[in-house]
Amino acid sequence: MSEPEIHTQQQRENPEPVEGTNPMPWFVILLTAVLFAFGVVYIARTTMNNAPAWGDSRTVADLQGPAPAAGGAAVDGAAVFTARCAACHQASGQGLPGVFPPLAGSEWVAGKAHTVAAIVLHGVNNTMTVKGNTYNGAMPAFKDQLQDAEIAAVLTHVRGAWGNQADAVTADTVAQVRKDTEAQAEPYNGDAGLAALK
């Protein structure tokens, strides 16, 4: 059998690579072992009570939030507004055009305390006119979510913010409105449903 002829082009090529039997270098093995040992020791020594400065500086108390107000304590109406109302009516009280009406300069906010309390208690659906503009959003009912003191505090805040100058609302007023309107099972039907409250 004759030997195969090797062409010039084949002679220029490098030989095929082979894996070989060389062991992993000792420094790679040592580095891997050191890192593994460090990880085991680090996890074993770590506790949930490390100083806040080692993380984002929040303590357990920060994560739990403020303690609930004691019975009879004053309620922060601005805080209730920020938590419950600002997403729709905005922090500026200007609302969102066509959807959520403004509270700043609103005739509903400046009107009778009984009316605005009923709106917050039972909510409003469908078309509502505020400051001559029409809004077609939906306001949820807060009668099952907020206590009378919280509703009174947020209404007092709204009626005195952004240039509004209406009287404060008391928890007794809200309690009376809640009692007077207990038959109202659904949100008010826009301007038509609120007409009787003006």
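What follows draws every value from the coordinates through simple rules; no lab data is involved. No experiment lies behind these values; they were computed from the predicted model shown. Note that each Cβ is placed from the backbone with ideal geometry, even for glycine, and that neighbours are counted across all protein chains shown.
Which FRET efficiency, nearest 0.05, do K112 and A83 yield, Cβ-Cβ r, R0 25 Å? Write out the running numbers ahead of the final one.
Numbers: r = 26 Å, r/R0 = 1.02.
Calculated transfer efficiency: 0.45.
Could you put Y42, Y188, Y135 in order, starting from the residue whose Cβ has the fewest other Cβ atoms within 10 Å? List each step's numbers first, then the result.
Values: Y42 9, Y188 25, Y135 22.
The most exposed by this proxy come first: Y42, Y135, Y188.
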Only helices at least 24 Å long along their axis, Cα-based, and averaging 1.0 or more on Kyte-Doolittle count here, so list those DSSP H runs from the chain.
26-45
Can you give the convex hull volume per residue for the Cα atoms of the chain, as a whole number of Å³?
381 Å³
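Rank the residues R178, R159, R45 as a footprinting-exposure proxy: fewest other Cβ atoms within 10 Å of their Cβ go first.
Numbers: R178 17, R159 22, R45 8.
Exposure proxy ranking, most exposed first: R45, R178, R159.
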Spacing of the two label points (7 Å from each Cα toward its C-beta) at N14 and Q145, in nm
6.8 nm
As a check on your grasp of the helix formula, calculate [θ] at 222 nm for the chain: sum -39500 (n - 2.57) over DSSP H runs of n ≥ 4, divide by the residue count, round to the nearest 500.
-11500 deg cm²/dmol
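Can you sort L194, L35 by how many other beta carbons sit within 10 Å, fewest first? Display every interim value, and only then the final one.
Details: L194 17, L35 10.
Listing L194, L35 from fewest to most nearby Cβ atoms yields L35, L194.
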Pairwise centroid distance, computed over Cα atoms, of the stretch 161-192 with the stretch 6-42, Å:
77 Å
